[in-house]
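Visitor: Have a look at the structure that comes next, please.
The values are calculated or read from the model by the stated rules, or taken from the named source; none is laboratory data. Because the structure is a prediction, the values reported are computed rather than measured. Using ideal geometry, Cβ is built from the backbone for each residue, glycine included, and neighbour counts are taken over all protein chains shown. Side chains included, ligands, DNA and RNA excluded: accessible areas come from the protein's heavy atoms. Shrake-Rupley method; radii C 1.70, N 1.55, O 1.52, S 1.80 Å.
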Protein chains: 2
Amino acid sequence: MAEIQFYWEDFEVGQVRDLGTISPTREEIIQFASQFDPQPFHLDDDAAKASVFGGLCASGWHTCSMAMRLMVTHFLQQTSSLGSPGLEHIKWPKPVFPGDVLRLQTTVLETKPMGRRPDVGMTRNLWEMFNQHGEKVLLMEGWGMFRRRHPAKVENA
Amino acid sequence: MAEIQFYWEDFEVGQVRDLGTISPTREEIIQFASQFDPQPFHLDDDAAKASVFGGLCASGWHTCSMAMRLMVTHFLQQTSSLGSPGLEHIKWPKPVFPGDVLRLQTTVLETKPMGRRPDVGMTRNLWEMFNQHGEKVLLMEGWGMFRRRHPAKVENA
């Protein structure tokens, strides 16, 4: 595991991070869909051509999972992350096709201490993933919990 | 593919559906995490014991993906589903451990025609997944698009 570079105090509203790229193969798209989302447009070329997507495309959950892989490898592993309580506003504006090159960008939207844990802070982050044409394929907001470098002083303690 | 039993007109606010169970093995949890969410508490017993989760547990994205599998196999394949534009309010209140038996329940929260497509309607659904102890491990709300049995009459057409 990488050494911790970023604690909660290191995040500021407006910070934008480029978290690299990931590119799913046709085989990976079909494998994920076979296991978790066996709808015809994720499995079969002819069914996909006849669908609203126009071609074989990745499960939205596969797209989210690929974004998470970039988030962990290129960011969370260098932070004091303690996980996430949840996410809001997941949208898949465009389908992901085999061979697409997907780039993840995150923006810090909000940062606040965690009331009941003086050693932990929270951040709200925008996740945006774009394909090689600059089209947005994933959009969501997630809360993250991070250990603080210096715990807050607790009043009346 | 199964025959279509349910079109948009067949969904009513308050309908509750039990969509069966799924149970991840330790190997499946580690395999998913290795590919998409390689954080120590999803991969390594000792690291997981030292974490807030208390033991090796599934990636939240794995939990979502397992819920999707139940949704597709036990519901969407029997419907006129056209996919989903997105989800809201994803929460993972409790961790998922190897061997947990996870049951998905859905509730129709809202149903409305799709303004710009007279042949399509939308529903908003609550997804709740419970473990074998009755604890909620996943909670989210998703919009679904479904073809209508009878397209709406378009005025001024």
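Visitor: Kindly indicate whether any position in region A:104-116 is surrounded by 19 or more Cβ atoms within 10 Å (Cβ to Cβ), over 30 Å from A:S23 (Cα atoms) and of a type in the set (S, T, Y).
Guide: Kept after step one, since they are surrounded by 19 or more Cβ atoms within 10 Å (Cβ to Cβ), are these residues of region A:104-116: A:104, A:106, A:111.
Those still in the list that are over 30 Å from A:S23 (Cα atoms) too: A:111.
Pick out the ones that are also of a type in the set (S, T, Y) and you get A:111.
There is at least one residue in region A:104-116 that is surrounded by 19 or more Cβ atoms within 10 Å (Cβ to Cβ), over 30 Å from A:S23 (Cα atoms) and of a type in the set (S, T, Y).
Visitor: Separate question: If a residue has to be within 12 Å of another protein chain (Cβ to nearest Cβ) and over 21 Å from the mean Cα position of the chain (by Cα) to count, how many in region B:1-45 make the cut? Can you show your working first?
Guide: The first filter runs over region B:1-45 and keeps only residues within 12 Å of another protein chain (Cβ to nearest Cβ), leaving B:1-2, B:22, B:24, B:28, B:31-44.
Now drop any that are not over 21 Å from the mean Cα position of the chain (by Cα), which leaves B:34, B:38-41, B:43-44.
Final tally of qualifying residues: 7.
This table checks each residue for (1) closer than 18 Å to B:K91 by Cα; (2) free of Cβ contacts under 8 Å to residues at least 24 places away in the same chain; (3) assigned to a strand (DSSP E or B); (4) open to solvent by 10 Å² or more (accessible area, probe 1.4 Å).
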residue: A:Q77; (1), (2), (3), (4): no, no, no, yes
residue: A:S84; (1), (2), (3), (4): yes, no, no, yes
residue: A:I90; (1), (2), (3), (4): yes, no, yes, no
residue: A:P98; (1), (2), (3), (4): no, no, no, yes
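Visitor: Further, regarding this structure: Could you check A:V96 against (1) more than 12 Å from chain B (Cβ to nearest Cβ); (2) over 19 Å from the mean Cα position of the chain (by Cα) and say which number it fails?
Guide: (2)
Visitor: When the residues of region B:122-131 are filtered to those that are more than 13 Å from B:S84 (Cβ to Cβ) and touching a residue at least 24 places away in the same chain (Cβ under 8 Å), which remaining residue is surrounded by the fewest Cβ atoms within 10 Å (Cβ to Cβ)?
Guide: If we filter region B:122-131 for residues that are more than 13 Å from B:S84 (Cβ to Cβ), which is where we start, we get B:126, B:128-131.
Retained after the next criterion (residues that are touching a residue at least 24 places away in the same chain (Cβ under 8 Å)): B:128-131.
Details: B:E128: 16, B:M129: 27, B:F130: 19, B:N131: 19.
Top of the filtered list is B:E128.
Visitor: If you take the residues of region B:53-75 that are buried (at least 22 other Cβ atoms within 10 Å of the Cβ) and of a type in the set (A, V, I, L, M), which of them is farthest from the other protein chains (Cβ to nearest Cβ)?
Guide: If we take residues in region B:53-75 being buried (at least 22 other Cβ atoms within 10 Å of the Cβ) and of a type in the set (A, V, I, L, M), then B:L56 is farthest from the other protein chains (Cβ to nearest Cβ).
Visitor: Among the residues that make up region A:28-49, is at least one of them open to solvent by less than 10 Å² (accessible area, probe 1.4 Å), within 21 Å of B:S65 (Cβ to Cβ) and in contact with a strand residue (DSSP E or B) (Cβ under 7 Å, 6 or more places away or on another chain)?
Guide: no
Visitor: Modelled with pLDDT of 95 or more and either aliphatic (A, V, I, L, M) or touching a helix residue (DSSP H, G or I) at 6+ places or on another chain (Cβ under 7 Å) (or both): does that describe A:L82? Before you say what the answer is, go through the steps one by one.
Guide: Details: modelled with pLDDT of 95 or more: no; either aliphatic (A, V, I, L, M) or touching a helix residue (DSSP H, G or I) at 6+ places or on another chain (Cβ under 7 Å) (or both): yes.
No.
Visitor: Has region A:136-152 got any residue that is without any contact (Cβ under 8 Å) to a residue 60 or more places away in the chain, more than 23 Å from B:W61 (Cβ to Cβ), open to solvent by 60 Å² or more (accessible area, probe 1.4 Å) and of a type outside the set (A, V, I, L, M)? Working first, answer last.
Guide: Looking only at region A:136-152, we keep the residues that are without any contact (Cβ under 8 Å) to a residue 60 or more places away in the chain, and these are A:136, A:139, A:141-143, A:151-152.
The next check asks that each one be more than 23 Å from B:W61 (Cβ to Cβ); those that pass are A:151-152.
Next, from what is left, pick out any that are open to solvent by 60 Å² or more (accessible area, probe 1.4 Å): A:151.
Subset that is of a type outside the set (A, V, I, L, M): A:151.
Yes; the residues of region A:136-152 include at least one that is without any contact (Cβ under 8 Å) to a residue 60 or more places away in the chain, more than 23 Å from B:W61 (Cβ to Cβ), open to solvent by 60 Å² or more (accessible area, probe 1.4 Å) and of a type outside the set (A, V, I, L, M).
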